[in-house]
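Notes follow once the structure below has been shown.
The values are calculated or read from the model by the stated rules, or taken from the named source; none is laboratory data. Here the structure is a predicted model, which is why all the values come from computation and not from measurement. Virtual Cβ from ideal backbone geometry, glycine too; neighbours counted across all protein chains shown.
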Amino acid sequence: MNSGEVRVKLLASLRESAGLDEIVVKASTWKEALALAVEKVPSLKTAINSDGSPKPGYIVFVDGVDSRLLEGGESAREIVVLPVNHGGGETSSKQRNLIYLSWNDIEEASSLIARRVLESGFKPNVIVGVLRGGIVPARLIADELGVEDIGMLEVKLYTGINLRKPKPYVRQPLIIDVYDKKVLIVDDVSDTGLTLSLALDFVRTYMPSTVKTATLFIKPWTRLIPDYYAKSVEGWIVFPWEKREIEREMAKATAAKGSQ
């Protein structure tokens, strides 16, 4: 595999500690690129292991794909590195980059999207929520728009044996009629964009007249920017319906870091 130019972008506290936004290296794989970035900027040792893998408390996106879905030998053009929360792995909810949202935040974001849909002139007949995070926003937006037909589908990501790229699949199919109808697909966030992209392709197979997408939030690195969204954020979003789940994940990350 030939070496190519890779841009390693640093976000949040990593940008502050390194004193720069990005590092450019020549590497054949994304792990090699991160290992070289650490050599160039030693302060990155807090986030990246010597083999190029991220340490607990940090997330790496390789060309928009979560590195946890990859094997390590994939090539890359752009890598984004950010802490799960600001400050390099501490689990306090007071850290700036861990964004806890209230139910009021969700209602405001949903209302904003509904207004933008109305202002655009699009009038959906059916709203499809992507499980699990899209359930609540879909219901709220449907209520604002006066749409009675609401459907759901569930999309999952997995990496099979010897697969070099993440492969999304539909775990729960669509069970509402969308043929020749105007459809709005709703999810909570477009992070890598893979889930939303598959949902969009899947719904299109049912031959609706029009399909548009909406998420409450997007990440700057997403592969798919929806037609409607409320805000772009870099931080790790904690939605009201997943607080306990995030707390368990953060506890695992802290325990893993303590065992090193």
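Values computed for the structure shown
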| read-out | value |
| --- | --- |
| The stretch 211-232, residues that are among the aromatic types (Phe, Trp, Tyr), over 13 Å from VAL117 (Cα atoms) and touching a helix residue (DSSP H, G or I) at 6+ places or on another chain (Cβ under 8 Å) | PHE217 |
| Residue list for the stretch 46-75, restricted to those being farther than 18 Å from LYS9 by Cβ and over 20 Å from the mean Cα position of the chain (by Cα) | ASN49, SER50, ASP51, GLY73 |
| In the stretch 100-132, the residues that are surrounded by fewer than 21 Cβ atoms within 10 Å (Cβ to Cβ) and within 21 Å of the chain's Cα centre (by Cα) | TYR100, LEU101, SER102, TRP103, ASP105, ILE106, GLU107, GLU108, LEU112, LEU131, ARG132 |
| Pair list, Cβ < 8 Å and 6+ apart or interchain, from the stretch 12-26 residues that are over 22 Å from ALA76 (Cβ atoms) to residues that are of a type outside the set (A, V, I, L, M, F, W, C) and surrounded by 15 or more Cβ atoms within 10 Å (Cβ to Cβ) | SER13/PRO83; SER13/HIS86; SER13/GLY87; SER13/GLY88; SER13/ASN97; SER17/THR46; SER17/GLY88 |
| Residue match in the stretch 19-27 (condition: buried (at least 20 other Cβ atoms within 10 Å of the Cβ), under 26 Å from VAL233 (Cβ atoms), modelled with pLDDT of 90 or more and in contact with a Lys or Arg (Cβ under 6 Å, 6 or more places away or on another chain)) | yes |
| Strands (runs of 3 or more DSSP E) wholly inside the stretch 147-233 that include at least 3 residues being closer than 19 Å to GLY133 by Cα and modelled with pLDDT of 85 or more | 149-158, 182-190, 210-218, 228-232 |
| Any chance LEU20 is more than 24 Å from LEU196 (Cα to Cα), in a helix (DSSP H, G or I) and not basic (Lys, Arg) | no |
